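Here's the structure, in structure tokens; my notes come after.
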Amino acid sequence: MPTGRVKFYDEVKGFGFIQDDDGQEVYLHATALPPQVTSLRSGTRLEYGIADGRRGAQALSVRLLETPPSVTRMHRKPADDMAIIVEDLVKLLDRVGGQLRHGHYPNRQQGRKIAAMLRRVADDLDA
């Protein structure tokens with residue numbers, strides 16, 4: 001099976017690209033990821049099947065081999081900026097909590113955006 005590294009992946013849009021070991025780009029759709037994987041960082045090493053798709057080479061049945069280390073502390077956002085982001089996220093989650101108390105989940109698109117924001121904030125805090 002071919003191997004490569006994630007070049008780019010957008011959780012919200014559900015696709016990205018892998019750069020294989022020979023330098024070729026391979027399209028990666030979210031449906032090719034294992035069920036427990038919801039996001040990928042650039043540089044993550046993968047093993048995958050490959051097929052010809054509408055956009056050229058497309059990855060199938062992806063398996064994670066190695067995840068790159070977290071962002072270093074040098075690349076963290078300033079604490080003042082993170083405080084504003086966290087406060088805005090809390091306000092957003094309060095609104096979602098109110099909807100849930102009334103028996104309404106956010107629609108699929110809103111849910112994906114909120115999940116992506118939570119992952120990004122978690123990554124920034126975990127760096």
**Study point:** Percentage, to the nearest whole number, of Cα pairs in the chain over 26 Å apart
**Key:** 36
Study note, to complete from the structure: Output for the range 1-98: trypsin sites (Lys or Arg not before Pro) sitting in coil per DSSP, at most 16 other Cβ within 10 Å, listed by number, reads Lys13, Arg41, Arg54, Arg55, Arg76
Practice item. Describe numerically, in nm with one decimal, the distance between label points set 7 Å from Cα along Cα→Cβ at Arg101 and at Met1. Key: 4.6
Review point. Under a plain spin-label model, where a point goes 7 Å from the Cα along Cα-to-Cβ, how far apart in nm are Thr31 and Ala115?
Key: 1.6
**Study point:** Virtual spin-label span in nm between Glu87 and Leu125, 7 Å along Cα→Cβ
**Key:** 1.7
Study note, to complete from the structure: Against the 2.2 N^0.38 Å rule of thumb, the C-alpha Rg of the range 3-66 sits at a ratio of 0.96
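Quick check on the exposure proxy: order Phe8, Phe15 from fewest to most C-beta atoms within 10 angstrom.
Numbers: Phe8 13, Phe15 17.
The order, fewest Cβ neighbours first, is Phe8, Phe15.
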Practice item. Quick one: among Leu60, Leu40, Leu93, which has the greatest mean-square fluctuation in a GNM of the chain with alpha-carbon springs under 10 angstrom? Key: Leu93
**Study point:** Straight-distance crosslink candidates among lysines, where the alpha carbon sits under 23 Å from Lys77 and sequence neighbours closer than 8 are dropped
**Key:** Lys7, Lys91, Lys113
Check your understanding: On a 0 to 90 degree scale, rounded to 10, what angle separates helix 79-101 from the longest Cα axis of the chain?
Key -> 80
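Going by C-beta contacts inside 10 Å, put Ile50, Ile85, Ile18 in order with the fewest on the left. Provide the component values of the computation, followed by the final result.
On the way: Ile50 18, Ile85 15, Ile18 28.
In order of increasing Cβ crowding within 10 Å: Ile85, Ile50, Ile18.
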Exercise for review: Can you tell me the FRET efficiency between Phe8 and Asp94 if r is taken as the Cβ-Cβ distance and R0 is 25 Å, rounded to the nearest 0.05?
Suggested key: 0.15
Check your understanding: What's the angle, to the nearest 10 degrees (0 to 90), between helix 108-126's Cα axis and the longest principal axis of the chain?
Key -> 90
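Every number in this text was worked out from the coordinates using simple rules, so none of it is lab data. This is a predicted model, so every value here is computed, not measured. Neighbour counts run over all protein chains shown; Cβ positions are idealised from the backbone, glycine included.
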